[in-house]
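Peer 1: Questions regarding the structure given below will be posed in turn.
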Amino acid sequence: MFAAPDAVSTWLKSTAAEFEARIDELDGLDAAIGDGDHGTNMARGLATAATIAPAPGTTTRQYLNQVGMALVSSVGGASGPLYGTFFLRVGQLWQSPHTVSSIWQALKAGRDGIASRGRAKAGDKTMLDALCPAIQVLEHAAMERDEDAATTLTRAAAAAQAGAEATRGMRARRGRAAHFGERSVGHLDPGAVSMAMILDSASRHLI
């Protein structure tokens, strides 16, 4: 089990490639209830983060902090500060080598950072609706002392995907999408889809 800076760098490069491949899809989702540039912004931000090479002696925590700052400065709209905050908070609690329990604690910190900065909660049709179900899977495994990180992260990623899909039936209560009111129902939240993509990539690269 590992998550040295080089492994995190590999994860981010893979994630950046996935965002690049899905720009049109994500922009389309955002066009329905936002500005229509979520995919473009996220692809640019992840591409920028992926260019950061861990310097010799850099810890995973320090590297994730660098990634967070890169996202804050390079992703447009509200997503930059929110995803930047997420990676900054995760980095503050990241342990290497990691365990299910330590991942749970780190992602909780990331969740709390997003919730505070965005003044949002689960059910508001935001990225939290993908992140929170994943955290619940990790919490349950940690409480049961199931430290099989590979299996748990796979299940957490699946929960995030299901959470993102569930946003289709929600009314947006935060961000630009909230201005659409009932018209936001029936559309996936692009931020939730992005979060599910990031967690799915993590489940495949951080073990």
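The values are calculated or read from the model by the stated rules, or taken from the named source; none is laboratory data. Owing to the predicted nature of the structure, the values given are computational and were not obtained by experimental measurement. All Cβ positions, glycine included, derive from the backbone under ideal geometry; neighbour counts span all protein chains shown. With ligands, DNA and RNA removed, areas are computed over all heavy atoms of the protein, side chains included. Shrake-Rupley method; radii C 1.70, N 1.55, O 1.52, S 1.80 Å.
Peer 1: Considering every residue within the range 93-114, establish whether at least one is crowded, with 20+ Cβ neighbours inside 10 Å and over 24 Å from T151 (Cα atoms).
Peer 2: The answer is yes, given that some residue of the range 93-114 is crowded, with 20+ Cβ neighbours inside 10 Å and over 24 Å from T151 (Cα atoms).
Peer 1: Here is a further query. Within the range 159-171, does at least one residue satisfy the condition of being in a loop (DSSP other than H, G, I, E, B), of a type outside the set (A, V, I, L, M, F, W, C) and either surrounded by fewer than 22 Cβ atoms within 10 Å (Cβ to Cβ) or modelled with pLDDT under 95 (or both)?
Peer 2: Yes, because at least one residue in the range 159-171 is in a loop (DSSP other than H, G, I, E, B), of a type outside the set (A, V, I, L, M, F, W, C) and either surrounded by fewer than 22 Cβ atoms within 10 Å (Cβ to Cβ) or modelled with pLDDT under 95 (or both).
Peer 1: Hey, does the range 80-95 have a residue that's in contact with a Ser or Thr (Cβ under 7 Å, 6 or more places away or on another chain), part of a helix (DSSP H, G or I) and of a type in the set (K, R)?
Peer 2: Among the residues of the range 80-95, not one is in contact with a Ser or Thr (Cβ under 7 Å, 6 or more places away or on another chain), part of a helix (DSSP H, G or I) and of a type in the set (K, R), which makes the answer no.
Listed here are the residues, each with its yes/no results for (1) touching a Pro at 6+ places or on another chain (Cβ under 7 Å); (2) closer than 17 Å to P190 by Cβ; (3) without any contact (Cβ under 8 Å) to a residue 40 or more places away in the chain.
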| position | (1), (2), (3) |
| --- | --- |
| G91 | no, no, yes |
| S96 | no, no, no |
| S101 | no, no, no |
| A106 | no, no, yes |
| G113 | no, no, yes |
| S116 | no, no, yes |
| R119 | no, no, no |
| K125 | no, yes, no |
| A134 | no, no, no |
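Peer 1: Collect the residues in the range 69-83 that are buried (at least 23 other Cβ atoms within 10 Å of the Cβ) and over 11 Å from M42 (Cα atoms), keeping them in residue-number order.
Peer 2: Matches in the range 69-83: L82 only.
Peer 1: Here is a follow-up. Here's a check for you: in the range 174-198, which residue that is of a type in the set (K, R) and not in a loop (DSSP other than H, G, I, E, B) is least open to solvent (accessible area, probe 1.4 Å)?
Peer 2: If we take residues in the range 174-198 being of a type in the set (K, R) and not in a loop (DSSP other than H, G, I, E, B), then R176 is least open to solvent (accessible area, probe 1.4 Å).
Peer 1: Residues that are under 14 Å from the mean Cα position of the chain (by Cα) and more than 16 Å from G76 (Cα to Cα): list the helices (runs of 4 or more DSSP H) wholly contained in the range 5-60 that include at least 1 such residues.
Peer 2: Ranges flagged: 5-21.
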